[in-house]
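Visitor: Quick one: the structure is below, and I'll ask about it shortly.
The values are calculated or read from the model by the stated rules, or taken from the named source; none is laboratory data. All values derive from a computational prediction rather than experimental measurement. Neighbour counts are summed over all protein chains in view; Cβ atoms, including those assigned to glycine, are modelled from backbone coordinates with ideal geometry.
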Amino acid sequence: MDEEDIHIIVIVEEILMLLKMIFFFTYYYQRRVMLRRRHRRARMLHAPYRILDRLDDQITHMRDLTAISDQTCIRQLRMDRNTFGRLCFLLENISGLERTRHVQISEQVAIFLSVLAHHKKNCVVKFDFKRSGYTISKHFNLVLQALLRLHNILLVNPEPVNDDCTDNKWKWFTGCLGALDGTYIDVRVLFSDKARYRNQKGDIAINVLAVRDRTMKFVFVLTGWEGSAADSRVLRDAVSRPNGLRVLNGNYYLCDRGYTNGAGFLTPYRGVRYHLDEWGHGSSAPQNHRELFNLRHSKARNIIERAFGLLQARCGILRSNSFYPMKIQNRIIMACCLLQNFIRTVMAVDPLEQDVPEYIIDHSNAHADADFVDVVESSQIWTNWRDELATTMFNEWRGWS
């Protein structure tokens with residue numbers, strides 16, 4: 001080969017080497033681009049929680065709940081905007097509830113009320129508020145504890161019925177403080193504990209003792225007793241506790257026939273018709289002093305049945321067994337009662353109260369040195385006093401009827 005052929009071969013080899021280099025760098029570049037796209041797609045599918053990505057949705061949701069209309073606020077949180085704002089102020093300034101880095105006081109309270117009102121699970125609430133499940137659980141418990149710290153403020157001191165009372169339901173019961181009764185609330189317990197919590201209807205529940213004054217506000221609430229416990233046993237425990245139910249001698253509460261007629265607790269006559277649907281006009285009217293007493297006793301004591309109906313209408317979490325430990329379930333019941341008192345004090349008009357029928361048929365240390373009722377037992381003196389009261393009622397009624 002001459003020099004010209006050799007030169008051509010060298011040029012061809014250089015061109016082939018250059019093409020190999022171009023192919024290699026092209027392949028390397030395309031490979032890196034493909035890997036970058038794959039990693040970016042993976043990061044998008046498994047993106048970490050970032051508050052900034054959800055901030056707009058969170059602000060919009062809170063504005064829809066508490067800043068647009070009272071109707072929406074009542075439907076979702078069971079109170080109007082003014083009541084909601086006052087509750088947030090009370091929890092922050094009196095109870096010591098603090099905002100966290102990313103969650104304001106108003107959003108914490110809204111999360112709490114949303115769970116109580118509609119009995120939502122954690123996965124549902126975290127989707128609504130665009131928060132993590134841990135954040136929902138954490139702030140629910142913080143608000144729960146803060147609300148329970150307000151029990152000295154939200155529980156009321158009852159006023160006894162005076163001689164000049166004009167309320168046709170209560171004027172017959174001078175010295176009466178209100179009414180009390182027990183109710184069953186379904187709960188979830190361990191399988192080994194179900195026998196203790198099974199009530200007479202076969203439901204797994206706890207027996208809650210609630211005491212109300214004449215304005216349907218809670219005076220005392222005792223939760224935690226098993227559903228198999230009798231009402232009278234729960235009442236004895238409430239009276240015997242150091243910080244339990246206090247009844248001044250001379251005052252009393254109206255109770256149903258499940259309790260003992262004794263000092264501090266006035267029950268209707270046994271063996272005599274009692275429920276309101278059993279009364280009417282003519283032959284269905286009271287025929288003697290015992291029947292008249294039971295009728296008026298039933299009308300006045302029915303306030304506690306109406307209060308239970310209003311409480312369950314407001315708090316959906318009480319209408320079915322919740323998914324919390326027993327200790328938390330007892331706290332939730334107490335918190336619902338405190339909220340009921342607060343709403344009745346602050347809200348001028350409660351739409352839920354209008355939906356609850358007037359009659360429902362159902363088959364602090366201020367007196368530390370005073371003389372209280374400290375035992376629940378039958379009393380012949382108290383029974384004689386009930387007979388005198390019933391006879392007086394019947395004589396007055398027969399005189400003007």
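Visitor: Filter segment 313-350 down to residues that are in a helix (DSSP H, G or I) and either of a type in the set (Val, Ile, Thr) or in the same structural domain as LYS120 (by TED's automatic domain parsing) (or both), then give me how many there are. Can you show your working first?
Guide: Residues of segment 313-350 in a helix (DSSP H, G or I): 313-314, 316-318, 326-346.
Checking which are either of a type in the set (Val, Ile, Thr) or in the same structural domain as LYS120 (by TED's automatic domain parsing) (or both) leaves us with 317, 328, 332-333, 343, 345-346.
Of the residues in segment 313-350, 7 are in a helix (DSSP H, G or I) and either of a type in the set (Val, Ile, Thr) or in the same structural domain as LYS120 (by TED's automatic domain parsing) (or both).
Visitor: If I ask for residues that are among the aliphatic types (A, V, I, L, M) and touching a helix residue (DSSP H, G or I) at 6+ places or on another chain (Cβ under 6 Å), which ones from segment 118-133 would you list?
Guide: VAL125
Per-residue answers, yes or no, for (1) over 31 Å from the mean Cα position of the chain (by Cα); (2) in the same structural domain as SER379 (by TED's automatic domain parsing); (3) not in a loop (DSSP other than H, G, I, E, B):
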{"position": "ASN243", "(1), (2), (3)": "no, yes, no"}
{"position": "TYR253", "(1), (2), (3)": "no, yes, yes"}
{"position": "GLY258", "(1), (2), (3)": "no, yes, no"}
{"position": "ASP277", "(1), (2), (3)": "no, yes, yes"}
{"position": "GLN287", "(1), (2), (3)": "yes, yes, no"}
{"position": "LEU295", "(1), (2), (3)": "yes, yes, yes"}
{"position": "LYS299", "(1), (2), (3)": "no, yes, yes"}
{"position": "GLU305", "(1), (2), (3)": "no, yes, yes"}
{"position": "LEU311", "(1), (2), (3)": "no, yes, yes"}
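Visitor: Continuing with the same structure: Anything in segment 187-212 that is more than 15 Å from the chain's Cα centre (by Cα), in a loop (DSSP other than H, G, I, E, B) and surrounded by 20 or more Cβ atoms within 10 Å (Cβ to Cβ)? List them, or say none.
Guide: Correct list: VAL189 only.
Visitor: Name the single residue, out of those in segment 149-177 being among the polar types (S, T, N, Q) and at pLDDT 90 or above, that is surrounded by the most Cβ atoms within 10 Å (Cβ to Cβ).
Guide: Applying the first criterion (among the polar types (S, T, N, Q)) to segment 149-177 yields 152, 157, 162, 166, 168, 174.
Keeping just the survivors that are at pLDDT 90 or above gives 152, 157, 162, 174.
On the way: ASN152: 8, ASN157: 12, ASN162: 11, THR174: 15.
The residue in question is THR174.
Visitor: Can you tell me which residue is nearest to HIS139 (Cα to Cα) among those in segment 62-92 that are of a type in the set (Ser, Thr, Tyr) and surrounded by fewer than 21 Cβ atoms within 10 Å (Cβ to Cβ)?
Guide: THR72
Visitor: Related question: When both residues are 6+ apart or on different chains and their Cβ atoms are under 8 Å apart, which pairs have a first residue that lies in segment 247-271 and is on the phi > 0 side of the Ramachandran plot and of a type in the set (Asp, Glu), and a second that is buried (at least 22 other Cβ atoms within 10 Å of the Cβ) and in a loop (DSSP other than H, G, I, E, B)?
Guide: Listed pairs, sorted by first residue: none to list.
Visitor: For GLY175, work out the one condition from (1) over 29 Å from ILE74 (Cβ atoms); (2) of a type in the set (Gly, Ala, Ser); (3) not assigned by TED's automatic domain parsing to the domain that holds TYR324 it doesn't fulfil.
Guide: (3)
Visitor: If you don't mind, another one. Does ALA238 meet the test of being over 19 Å from PHE173 (Cα atoms), touching a strand residue (DSSP E or B) at 6+ places or on another chain (Cβ under 8 Å) and among the hydrophobic types (A, V, I, L, M, F, W, C)?
Guide: So ALA238 passes the test.
Visitor: Now, a different point. Within segment 93-117, track down each residue that is surrounded by fewer than 18 Cβ atoms within 10 Å (Cβ to Cβ) and not β-branched (Val, Ile, Thr).
Guide: Once the filter is applied, which keeps residues that are surrounded by fewer than 18 Cβ atoms within 10 Å (Cβ to Cβ) and not β-branched (Val, Ile, Thr), segment 93-117 yields ASN93, SER95, GLY96, GLU98, ARG99, ARG101, HIS102, GLN104.
Visitor: What number of residues in segment 80-119 are within 15 Å of LEU154 (Cβ to Cβ) and among the hydroxyl-bearing types (Ser, Thr, Tyr)?
Guide: Adding up the residues that qualify gives 2.
Visitor: Right, here's the next one. Hey, does segment 178-186 have a residue that's crowded, with 18+ Cβ neighbours inside 10 Å, of a type in the set (Val, Ile, Thr), on the phi < 0 side of the Ramachandran plot and not in a loop (DSSP other than H, G, I, E, B)?
Guide: Among the residues of segment 178-186, at least one is crowded, with 18+ Cβ neighbours inside 10 Å, of a type in the set (Val, Ile, Thr), on the phi < 0 side of the Ramachandran plot and not in a loop (DSSP other than H, G, I, E, B), which makes the answer yes.
Visitor: Would you please list the contacts, defined by Cβ atoms under 8 Å and residues six or more apart or on different chains, that run from a residue in segment 117-136 that is assigned by TED's automatic domain parsing to the domain that holds LEU65 and on the phi > 0 side of the Ramachandran plot to a residue that is assigned to a helix (DSSP H, G or I) and surrounded by fewer than 14 Cβ atoms within 10 Å (Cβ to Cβ)?
Guide: Between residues of segment 117-136 that are assigned by TED's automatic domain parsing to the domain that holds LEU65 and on the phi > 0 side of the Ramachandran plot and residues that are assigned to a helix (DSSP H, G or I) and surrounded by fewer than 14 Cβ atoms within 10 Å (Cβ to Cβ), the close pairs are LYS130/ASP57.
Visitor: Separate question: Sort through GLY250, GLY271, GLY264 and tell me the only one that's crowded, with 20+ Cβ neighbours inside 10 Å and over 30 Å from GLN354 (Cβ atoms).
Guide: GLY264
Visitor: Just give me the residues in segment 77-123 being closer than 13 Å to LEU65 by Cα and in a loop (DSSP other than H, G, I, E, B), in sequence order.
Guide: ARG78, MET79, ASP80
Visitor: Let me ask you something else. Answer yes if at least one residue in segment 194-203 is at positive phi and out of contact with any helix residue (DSSP H, G or I) (no Cβ under 8 Å at 6 or more places or on another chain), and no otherwise.
Guide: Checked segment 194-203: at least one residue is at positive phi and out of contact with any helix residue (DSSP H, G or I) (no Cβ under 8 Å at 6 or more places or on another chain).
Visitor: Regarding MET334, is this residue within 19 Å of VAL156 (Cα to Cα), at pLDDT 85 or above and over 14 Å from the mean Cα position of the chain (by Cα)?
Guide: The answer is no for MET334.
Visitor: How about segment 140-164: which of its residues are outside any helix (DSSP H, G or I) and either within 13 Å of MET334 (Cβ to Cβ) or among the small types (Gly, Ala, Ser) (or both)?
Guide: Matches in segment 140-164: ARG149, LEU150, LEU155.
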